[in-house]
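Comments concern the structure below.
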Amino acid sequence: MKNKIQIKIINLLNKLFKKKRFNENSNNYKRKLFFKGLLEWDDERNNLISIDLIHNINLESLFFIEAQKKVLINNTKYFLEGGQGNNALLWGSRGTGKSSLVYAIYNLFKDKYVFLMIEIKFFQIKHLPKILRNLEKIKEKIIIYCDDFSFEKNSEDFIIFKNTLEGSLRKHSNIIFYVTSNYRHLVRGMKNNDGQQIHKKDATENLISLSDRFGIWLGFHNFDQEKFLKVVFFYSKALKLDLKKNNIQNKALEWALLRGSYSGREAFNLVRFLQSETR
C-alpha cells in the first residue's frame, strides 16, 4: 500500500510540473526516489529533484539540545500523524546544531511515515510560490526546510517569504515550514534578545511579524568549554582517534581559540582534522 501511495505522488508531481523532473521513468526508480523522500529545487531544470541524504545524522549524536529535540520530535510526529503542526524557526549561532537537528528528525521518521521534505536554499526564495502552487494537489504531508535564511529589512525576498508563509497558513494544512537562521527574527541587524533597541520603533512591528508566523521558536547557542570538550571526546571515540585524552584536550582548546567558537560543528571539524593528521 505504501509503495502505491509513493508512486501515485511521484506521478502527480510529474504531471504538475510541465518539464520532466526525473531522468528515469521506471516504477523501480520512482519507488527508490520516494523512499528517500528528500527533494530540493534545481534552478537549471526548474524542477524539484531527488537528493541523497549525505547527512547521516541521528539524534544521539546531538548534545545539549534535549529540549529542542523534544519539541521538534513531538511537533513532527503530531503533524505526520494527521495534526496541523506548527511552523518552526530554529535560530542561533553558526554550527550549533540547527540544520543537523532537522536532518536527524528526517532520519528518525523517514521509514515510519510517507512524507516529503523539500529543501530550499535562501537564493531560491523566488521559486517558493511556484513550488507551493504545484504542490496543491498533493494530500500527503510535506515539510519545507529552508536552510540558513536571513533578510534585509523590507527587501523583496522578505516580502515574498512573508506573503508565502501567510498564504500557506491559509491554504495548505498538509505543509509546514522548518527554517534555520542565525537571527531570531530572521532579519539582519535586529538584536536577538538582550533588551536593546531593535532598529527604529516604528519599523519593529512589521519586521517581527515574519517570525510571528512560526508557532515554535527554538534557540541554539554555543557551548561552554566543558560541554565543548565533552563533544570533542565523543567524536574522538566515535571516529577512533588515536591520541591520548590530554593531547586531544590541549588541541581542542587551541582549536576553539583559533576558530573563536565552542560550537558542535567546530568540535567535529577538529576531530576530522586530527584524524587526517594522525594517519
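Overview of values
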{"quantity": "Residue that is within 24 Å of Tyr183 (Cβ to Cβ), loosely packed, with under 13 Cβ neighbours inside 10 Å, more than 16 Å from the chain's Cα centre (by Cα) and of a type outside the set (A, V, I, L, M, F, W, C), where the choices are Glu60, Glu66, Glu44, Glu81", "calculated": "Glu66"}
{"quantity": "Residue list for region 161-188, filter: at pLDDT below 85 and either closer than 20 Å to Lys98 by Cα or among the hydrophobic types (A, V, I, L, M, F, W, C) (or both)", "calculated": "Leu165, Leu169, Arg184, His185, Leu186, Val187, Arg188"}
{"quantity": "Helices (runs of 4 or more DSSP H) enclosed by region 203-279 - at least 3 residues per element that are among the β-branched types (Val, Ile, Thr) and either surrounded by 14 or more Cβ atoms within 10 Å (Cβ to Cβ) or assigned by TED's automatic domain parsing to the domain that holds Ser100 (or both)", "calculated": "none"}
{"quantity": "Candidate set: region 111-128, residues that are in contact (Cβ under 8 Å) with a residue 40 or more places away in the chain and closer than 8 Å to Cys146 by Cα; chosen: the one surrounded by the fewest Cβ atoms within 10 Å (Cβ to Cβ)", "calculated": "Lys121"}
{"quantity": "Selected residue (only one of Tyr113, Tyr103 is in a helix (DSSP H, G or I) and either closer than 22 Å to Ser155 by Cβ or out of contact with any strand residue (DSSP E or B) (no Cβ under 6 Å at 6 or more places or on another chain) (or both))", "calculated": "Tyr103"}
{"quantity": "Among (1) part of a strand (DSSP E or B); (2) at pLDDT below 95; (3) surrounded by 15 or more Cβ atoms within 10 Å (Cβ to Cβ) - the single one Ile49 does not satisfy", "calculated": "(3)"}
{"quantity": "Set Leu229, Leu241, Leu207: member being at pLDDT below 90 and either among the hydrophobic types (A, V, I, L, M, F, W, C) or in contact with a Lys or Arg (Cβ under 6 Å, 6 or more places away or on another chain) (or both)", "calculated": "Leu207"}
{"quantity": "All positions within region 242-260 that are touching a helix residue (DSSP H, G or I) at 6+ places or on another chain (Cβ under 6 Å) and either more than 16 Å from Glu226 (Cα to Cα) or hydroxyl-bearing (Ser, Thr, Tyr) (or both)", "calculated": "Arg259"}
{"quantity": "Residues of region 84-100 satisfying the condition of being among the charged types (D, E, K, R) and either surrounded by fewer than 21 Cβ atoms within 10 Å (Cβ to Cβ) or part of a loop (DSSP other than H, G, I, E, B) (or both)", "calculated": "Arg94"}
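The values are calculated or read from the model by the stated rules, or taken from the named source; none is laboratory data. Quantities reported herein were computed from a predicted structural model and do not represent experimental measurements. Every residue, glycine among them, receives a Cβ derived from its backbone with ideal geometry; neighbour counts consider all protein chains shown.
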